[in-house]
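The values are calculated or read from the model by the stated rules, or taken from the named source; none is laboratory data. Treat the numbers as computed from the prediction; the structure is a model and nothing was measured. When we count neighbours, we look across all protein chains shown, and the Cβ atoms used for this are built from the backbone with ideal geometry, even at glycine. Surface accessibility is based on the protein's heavy atoms, side chains included, excluding ligands, DNA and RNA. Shrake-Rupley method; radii C 1.70, N 1.55, O 1.52, S 1.80 Å.
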Amino acid sequence: MSHSLFISDLHLSAAHPFSTELFLRFAADIAPKAEALYILGDLFEYWAGDDDLDDPFHQGITGTLRGLADRGTRIFIMHGNRDFLMDNELGKACNARLLNDPVLLDLYGTPTLLSHGDALCTDDAEYQRFRDLVRNRDWQTQFLLQPLAQRKAQIEHLRMQSESQKRSKEMSLMDVNCDAVNDRLRQHHYPRLIHGHTHRPARHLHHLEGHTCERWVLGDWDRKANALRCDNSGIRWETIPPN
């Protein structure tokens, strides 16, 4: 049966061999059976700019996605909070289309809204201010003018700061805000919603003005991996087993 797969928060890097091995097995054994693969953000641990495409690890990942596309699976990639600097050269290297966040599509007859999910975590005001800053085109232009090594050093520093701050934040701050989710569903006329970011895989129901909207949350790949499979019959989890 024709179907599409949805994944997010892989955080791929040479320092994370477990998630990389799972991804390579997924790309070889599971994804080729799908007509489309949607990666909803944080494919990489971080992305310092498309001039880092020559890195051997990055070449391996982009080559794997390009090979998957060459076999007939359409690839769609959305920016996450860790790889928001991905641009057209990355898309070309993967033979993939970069998606806006959010994006609404017709998925086997059901209107479906796709998002990374971090914009919905509005209780974390500090993070939202940071997000607004780094998503600004002028800021990105100035940042990318710096040498690649300098950019990587700054990102590594920010990552360490972020991990430290997470330990002092309430868990509820880092989850989506229900009102923000409901507002987004209203804006797009009550679609189904699929997103990642929070690392809390689950299915939720939102009851709004006589509509019931499904919200599917994708999991991360740090310790285990799964994907959402969508076809004409609906949605179900697809497990990617470890060795």
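Laid out as a table, the results:
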{"read-out": "Residue pairs meeting the criteria (Cβ under 9 Å; at least 6 apart or on separate chains; first more than 12 Å from Pro191 (Cα to Cα), in the range 95-115; second of a type in the set (Ser, Thr, Tyr) and open to solvent by 50 Å² or more (accessible area, probe 1.4 Å))", "value": "Tyr108/Ser2; Tyr108/Ser233"}
{"read-out": "Identity of the residue in the range 202-240, small (Gly, Ala, Ser) and more than 23 Å from Glu35 (Cβ to Cβ), that ends up most open to solvent (accessible area, probe 1.4 Å)", "value": "Gly210"}
{"read-out": "Set Asp220, Asp179: member being assigned to a helix (DSSP H, G or I) and at negative phi", "value": "Asp179"}
{"read-out": "Matching option when the condition is out of contact with any Gly (no Cβ under 7 Å at 6 or more places or on another chain) and either open to solvent by less than 10 Å² (accessible area, probe 1.4 Å) or without any contact (Cβ under 8 Å) to a residue 24 or more places away in the chain (or both), among Ala48, Ala14", "value": "Ala48"}
{"read-out": "Criterion violated by Arg74 - all others in (1) at pLDDT 95 or above; (2) under 20 Å from Cys178 (Cα atoms); (3) open to solvent by 70 Å² or more (accessible area, probe 1.4 Å) satisfied", "value": "(2)"}
{"read-out": "Selection count, the range 180-200, where residues are farther than 20 Å from Asn226 by Cα and in contact (Cβ under 8 Å) with a residue 12 or more places away in the chain", "value": "10"}
{"read-out": "Residue that is modelled with the highest pLDDT, among those in the range 138-170 that are within 20 Å of the chain's Cα centre (by Cα) and open to solvent by 60 Å² or more (accessible area, probe 1.4 Å)", "value": "Glu156"}
{"read-out": "Pairs where the first residue, in the range 138-160, is assigned to a helix (DSSP H, G or I) and the second is among the small types (Gly, Ala, Ser) and surrounded by 14 or more Cβ atoms within 10 Å (Cβ to Cβ), C-beta under 7 Å, 6+ apart", "value": "Leu144/Gly49; Leu148/Ala48; Leu148/Gly49; Arg151/Ala48; Arg151/Gly49; Lys152/Ala48; Ile155/Ala48"}
